[in-house]
């Protein structure tokens, strides 16, 4: 075994390629006899020399007593190793006699066996050579006190021969032991790789995140039944497995986990037994990471004797594989989530756009948001530019409906000032913002998003839940997407309401348009028992325009309209009938009631207009028992009454007769 060191823990088998399988060693052992030591191994064979000496001693234990004989073992350079006495009744002196040292030294110099008679007995020394190259690797010496030189020399040679046999038996046994250990290690490595390959196959078959984690837990439990394993994940992953926990970077005593998470590589730490007897277990922190980052840390604690460096490599490869599979499953889930989000956005947008009534849009948005995010509470507020406050437009908290809040109050004020969304894991721990919405509902989790229209914040959406850390980062991002569509729907509904308002109003006077009062009277006639209509006409209005100009005429028209609006009830409807004619419908009012209101209008117009003008009024009344019940007939009767007032000298009020209604 040239260039090999027997002091190493394992023999190098590079020079003995083509060895037979260990299962066939009983039939094929010739190759063992071709193995030998060389001078390069001599500095490292003391332990084998001593082991062979002990084996030799066992071999001769059954031999008859040989008298007073001491046997000595020395190394290849004559260094003293062992001494033994073959006479059990003799008390052996452990110090080497000087005569033995001299004889061994002489035998080493002459490279042959010698025997020398001295005063205390016969000293013999025999070199022990390697079996192939014949190199001297040990010395056997003996001291026989009752023998001649020839007998001592013969005994020493026989002892050396037997010792050589014992030495090579120990050497071959050690070699075979190393081979068995190599085979066992190779078998273990093969099993590990087989398990890793099977796990890789199974992990990459999984498309569900929780299934990936469960597979990892099962594999580690099978390989290391006594190990304690947990997975510390970032906040955006929620699992019902008790072994999966939230990763807290600020925890005390978690430096190992923090390092593994921040550095992205395995960290280990020896845990010393509390009794002080030494290392009892190994703590391992290995990151669960993919190409996009670190998702968590596997925390493993295992008995020290159950794991070695190869196991650490296996655990590291397992974690890397699990990280890749986890990332793939996560990406698959995210792609499905994105598809569902797009489908959800499309459906939500379609349903939002189905209604152009602002109240319905707010109510529908609240219901849908509660359902989508599984939130317990939802509040949508809108900026009221006239009062410079937030007005609660829709909320499932009864105490907050229709409330108004300052533009700087609470989370709505924070969102309005920063124009940024908010995600809050625990309101109780936050404590920087007061919020009636959170306090009245005892909520702890919150996500908010601004409602934008043309780059301006017009409102705020707030979703809350009583559990801490309820909303994920994906929820936070989805709300931002949905809020843009909800904001657009609100803007469309608001614009439609404004257009409808403008279409129903006269731009000059601010009164309702003619078609609006027509439609309103039709609805009232369907459900009311009676009602009245007043037509107001400004007397000689053309003369006013000709005298003072059309701008003054418009001014007088506005003055008259203002007097009309301030003289009627909130339930009454005032409209511009056309030109200088105005119409006032009074639901449920009799002709007598309408006459009083008309007179009030007439008198106030005469006193409060500048330049002063007068008006004439015509009144018509309808009831359920009328045969000629219609909007047209009602206006016809009122118009005839107005015509009568004009013919009678103007500046007066006349009540029309139902008999004047045209036939149908």
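The values are calculated or read from the model by the stated rules, or taken from the named source; none is laboratory data. Note that the structure is a prediction, hence the values are computed from the model and not measured. We place every Cβ from the backbone using ideal geometry, glycine too, and count neighbours over all the protein chains shown.
Residue 579 fulfils the conditions (1) surrounded by fewer than 22 Cβ atoms within 10 Å (Cβ to Cβ); (2) modelled with pLDDT of 90 or more; (3) more than 60 Å from the chain's Cα centre (by Cα) except for a single criterion, (2).
Residues in the stretch 453-472 include none that are in the same structural domain as residue 397 (by TED's automatic domain parsing), assigned to a helix (DSSP H, G or I) and within 20 Å of residue 412 (Cα to Cα). Using the structure shown, decide if residue 337 is within 22 Å of the chain's Cα centre (by Cα), assigned to a helix (DSSP H, G or I), in contact (Cβ under 8 Å) with a residue 60 or more places away in the chain and not assigned by TED's automatic domain parsing to the domain that holds residue 293. Here the answer is yes, as residue 337 does meet what is asked. Suppose the filter is assigned to a helix (DSSP H, G or I), in contact with a helix residue (DSSP H, G or I) (Cβ under 7 Å, 6 or more places away or on another chain) and either modelled with pLDDT of 90 or more or buried (at least 18 other Cβ atoms within 10 Å of the Cβ) (or both); does residue 368 pass it? Considered against the rule, which asks whether it is assigned to a helix (DSSP H, G or I), in contact with a helix residue (DSSP H, G or I) (Cβ under 7 Å, 6 or more places away or on another chain) and either modelled with pLDDT of 90 or more or buried (at least 18 other Cβ atoms within 10 Å of the Cβ) (or both), residue 368 comes out as yes. Answer yes or no: is there a residue in the stretch 468-476 that is surrounded by fewer than 19 Cβ atoms within 10 Å (Cβ to Cβ), within 22 Å of the chain's Cα centre (by Cα) and over 22 Å from residue 341 (Cβ atoms). Yes, because at least one residue in the stretch 468-476 is surrounded by fewer than 19 Cβ atoms within 10 Å (Cβ to Cβ), within 22 Å of the chain's Cα centre (by Cα) and over 22 Å from residue 341 (Cβ atoms).
Given the options 259, 269, name the one that is assigned to a helix (DSSP H, G or I), in contact with a strand residue (DSSP E or B) (Cβ under 7 Å, 6 or more places away or on another chain) and at pLDDT 80 or above. After ruling out the rest, the residue left standing is 259. Note on the stretch 491-521: residues that are modelled with pLDDT of 80 or more, in a helix (DSSP H, G or I) and touching a helix residue (DSSP H, G or I) at 6+ places or on another chain (Cβ under 6 Å) amount to 3. As a summary of the residue check, residue 307 satisfies the conditions (1) in contact with a strand residue (DSSP E or B) (Cβ under 8 Å, 6 or more places away or on another chain); (2) without any contact (Cβ under 8 Å) to a residue 60 or more places away in the chain; (3) within 30 Å of residue 182 (Cα to Cα) except for the one numbered (2).
Using the structure shown, decide if residue 548 is more than 21 Å from residue 642 (Cα to Cα), touching a residue at least 40 places away in the same chain (Cβ under 8 Å) and either within 60 Å of the chain's Cα centre (by Cα) or not assigned by TED's automatic domain parsing to the domain that holds residue 624 (or both). Against the criterion (more than 21 Å from residue 642 (Cα to Cα), touching a residue at least 40 places away in the same chain (Cβ under 8 Å) and either within 60 Å of the chain's Cα centre (by Cα) or not assigned by TED's automatic domain parsing to the domain that holds residue 624 (or both)), residue 548 does not qualify.
At least 3 residues being more than 25 Å from residue 513 (Cβ to Cβ) is the threshold, and among the helices (runs of 4 or more DSSP H) wholly inside the stretch 526-628 those reaching it are 541-548, 591-608.
Checked against the criterion of being crowded, with 22+ Cβ neighbours inside 10 Å, without any contact (Cβ under 8 Å) to a residue 60 or more places away in the chain and closer than 26 Å to residue 38 by Cβ, the stretch 131-149 has no qualifying residue. In this structure, does residue 8 turn out to be out of contact with any strand residue (DSSP E or B) (no Cβ under 7 Å at 6 or more places or on another chain), modelled with pLDDT under 75 and not assigned by TED's automatic domain parsing to the domain that holds residue 140? The answer is yes for residue 8. For the condition over 20 Å from residue 474 (Cβ atoms), assigned by TED's automatic domain parsing to the domain that holds residue 461, touching a helix residue (DSSP H, G or I) at 6+ places or on another chain (Cβ under 8 Å) and surrounded by fewer than 20 Cβ atoms within 10 Å (Cβ to Cβ), residue 391 does not qualify. The condition of being under 60 Å from the mean Cα position of the chain (by Cα), in the same structural domain as residue 127 (by TED's automatic domain parsing) and either at pLDDT 80 or above or closer than 21 Å to residue 122 by Cα (or both) holds for only one of 70, 41, that being 41.
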